[in-house]
Amino acid sequence: MKNWLKIMFFCFIIMVLTACGNGEHENKAGENTSEREKQVLNLTIGDALPTMDPAMASEQYSFHIIANGMEGLYRLGENAIPVEGIAMNHSVSKDGLTWTFRLRQDAQWENGDPVTAHDFVYAWRRAIDPKTGSVYGPYMMNDVIKNATAISQGELPPEELGVKAADDYTLIVELENPTPYFMGLTTFGTFLPLNQKFVEQQGERLGTSSETTLSNGPFKIEEWNSTATSWKLVKNNTYWDADTVQLEEITFEVIKDPNTAVQLYEQGTVDLVDIASDLVDKYSSREDFQVNPQYSITFLRMNQNHEALANKNIRLAISQAFNKEALVNEILNNGSIVANGFVPEKFVTMPDTGEDYRDVSGDIMTYDLNNAQSNWQKGLTELGKKEVELELLLGDNEVTTVMGEYLKNQLETNLTGLSITLKPVPAKQKNELERSMNYDISISSWIPDYRDPYTFLNMWITDGPNNNTGYTNEKYDRLLEETATTLANNPNERFENFLEAERILLEDGVIAPIYQYGVAQLLSPKVKDVFANATTYEYKWGYIE
């Protein structure tokens, strides 16, 4: 996700396993031993999967399942450290521009075809081809892989992308600029290989059902289509490292009602659920309770095509007019913390001092009622208005709905003349409305795709594929471009650019950071070695004790 959590995502991604409810401790998950002996892991998930096409995926749920059904050059292991995938090793040229990956010869697709360097070349060219319509292809490759930007803009053919197969098991990648975190990028869904023959056979149906999805990873998806509310991952016995995979099956059920999810956990039907704020105190003393801080940032995205939101003072007023502390402590109460910047805490450190980036950047956009009301009046005067009506777009799960109601109350109470209408919709519709700029304000989240501030800050460059706000600032664009070009091998100056760009972003009121996501969970003690990272949960090494 990640679109981690887009991650995590993870990103994570971070998978929203919504949960809260009633039930007695003695009935908690783990007592159904017959299922556990079968190495079956049962989970809930927050929404349906729009697609299993790696090039077309753009949200956390799809990326989460894709990551466990497929494998790229590397995959994320414990503590989000890249480990061997299809690539056994790689080398980098002295100038940092040429990466040579040596692939294993025992990897195959579930149909028996070998996984080769040609599968990566085909998939990457397809992702960057503007005819494909991928959001993440240009987002992840532009200014990174040679010629990607020109190809995504239709100025060069996809065949000019800086990736080629020297032979069946040697992949050579040429970069536009040195990219120290490129190894981490290769774990992300956009960089997964595709079997060209299978893709061309499926055409537009690719990734819309189990039958039109082809795995080369630890698991394969079954009993799924794009509207399904339940499906499962089953062990892929053709996977090159199948002997390591102990889980035979992972079931998923879409559950949007938190009470239902925890009830299923207490009955032993599912093995992992998130719990909402009103149940944290009830469960916090239990052995199966845990809190996991994440790197996902939730924020308000403001559409500057709206007359009122085109006004900087109006945007700043909205950014400053809600009490974040009360929101994370009283509504979420799940380990989330207030976000007063856009790059999360404990995500990266400064190259020269080792200090946490967030500590150096400081609190940029805080709850400040006096300034909020002052900026609001300035904005109204500049607009020649006394009242403003705005629609707040949000997901339709219970936690987000409660948060939307809180923000509506805070903003309407603190900004005289503001009227907010809530618009809760399913995740797929919400993504489409944001991309088409058919919204006023949206509650959005971003799960990092790799461990570098660029994954957060390059969202807001002019006409960026994930911008979707209408924001443009020449200085901001220049600062971000320099971090990927002239400063790519100068980490100290590069991070100074990040610090300056983040401050510009928030002082322009482009977005309003709300909180850094944390998750309070109940996890069956019988579940072992399921790893959470920035964008996904990783099940390859998991097992039921």
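To the nearest 20 Debye, how big is the dipole of the range 442-545 about its Cα centre, given +1 on the beta carbon of each Lys and Arg and -1 on that of each Asp and Glu?
I would put it at about 540 debye.
Measuring with a 1.4 Å probe in the full set of protein chains, what accessible area per residue, in whole Å², belongs to the range 202-286?
For the range 202-286, the solvent-accessible area averages 41 Å² per residue.
Mind listing the phi-derived Karplus ³J(HN,Hα) values for the range 44-58, rounded to whole Hz, using 6.51, -1.76 and 1.60 with θ = phi - 60°, and x for any glycine or proline?
The phi angles translate into 9, 9, x, 6, 5, 9, x, 7, 10, 8, x, 6, 9, 5, 8 Hz.
Aspartates and glutamates near residue 94 by alpha-carbon distance under 17 Å, same-chain residues fewer than 8 away left out - which ones?
Here the aspartates and glutamates satisfying the reach criterion relative to residue 94 are 174, 176.
Name the shape class, rounded, prolate or oblate, that the alpha-carbon gyration tensor gives for the range 85-143, where a ≥ b ≥ c are the square roots of its eigenvalues, rounded holds for a/c under 1.5, and otherwise prolate holds if a/b is larger than b/c and oblate otherwise.
oblate
What is the Cα centroid distance between the range 344-418 and the range 144-179, reported in whole angstrom?
Each part reduced to its Cα centre gives a spacing of 40 Å.
Mind checking the dipole of the chain: about its Cα centre, +1 per Lys or Arg Cβ, -1 per Asp or Glu Cβ, Debye to the nearest 20?
Result for the chain is approximately 520 debye, rounded to the nearest 20.
Which of the pairs 346/430; 312/475; 38/232; 38/540; 131/232 have their Cα atoms more than 20 Å apart in this structure?
The pairs that break the limit, which is 20 Å between Cα atoms, are 346/430; 131/232.
Can you tell me how the range 445-519 classifies by the Cα gyration tensor, rounded, prolate or oblate, using a/c under 1.5 as the rounded cut?
oblate
Please compute the Kirkwood hydrodynamic radius over the chain, one decimal place, Å, based on all pairs of different Cα atoms.
This gives a value of 23.7 Å.
Given a 1.4 Å probe and every protein chain left where it sits, what share in percent of the accessible area of the chain is carbon and sulfur?
Roughly 43 percent of what the probe reaches on the chain is carbon or sulfur.
When the chain is fully extended, how far beyond the present Cα-Cα distance does residue 174 get from residue 204, taking 0.36 nm per residue of separation?
7.8 nm
What does the accessible area per residue of the range 60-146 come to in Å², with a 1.4 Å probe and no ligands, DNA or RNA counted?
So the range 60-146 comes to 36 Å² accessible per residue, rounded to a whole number.
Along the positive direction of the dipole of the range 374-496 (beta-carbon charges: Lys, Arg +1; Asp, Glu -1; about the Cα centre), which of 409, 490, 458 reaches farthest?
409
For residue 519, enumerate residues with amide H under 5 Å from its amide H, sequence gap 5+ or separate chain, H modeled in the peptide plane.
Correct list: 292, 294.
Rounded to the nearest 20 Debye, what is the dipole magnitude of the range 208-292 about its Cα centre when Lys and Arg each give +1 and Asp and Glu each give -1 at the C-beta?
160
The values are calculated or read from the model by the stated rules, or taken from the named source; none is laboratory data. Because the structure is predicted, anything quoted here is derived from the model rather than measured. With ideal geometry, Cβ positions are generated from the backbone for all residues, glycine too; neighbour counts draw on all protein chains shown. Just the protein is used for accessible areas: all its heavy atoms, side chains included, with ligands, DNA and RNA removed. Shrake-Rupley method; radii C 1.70, N 1.55, O 1.52, S 1.80 Å.
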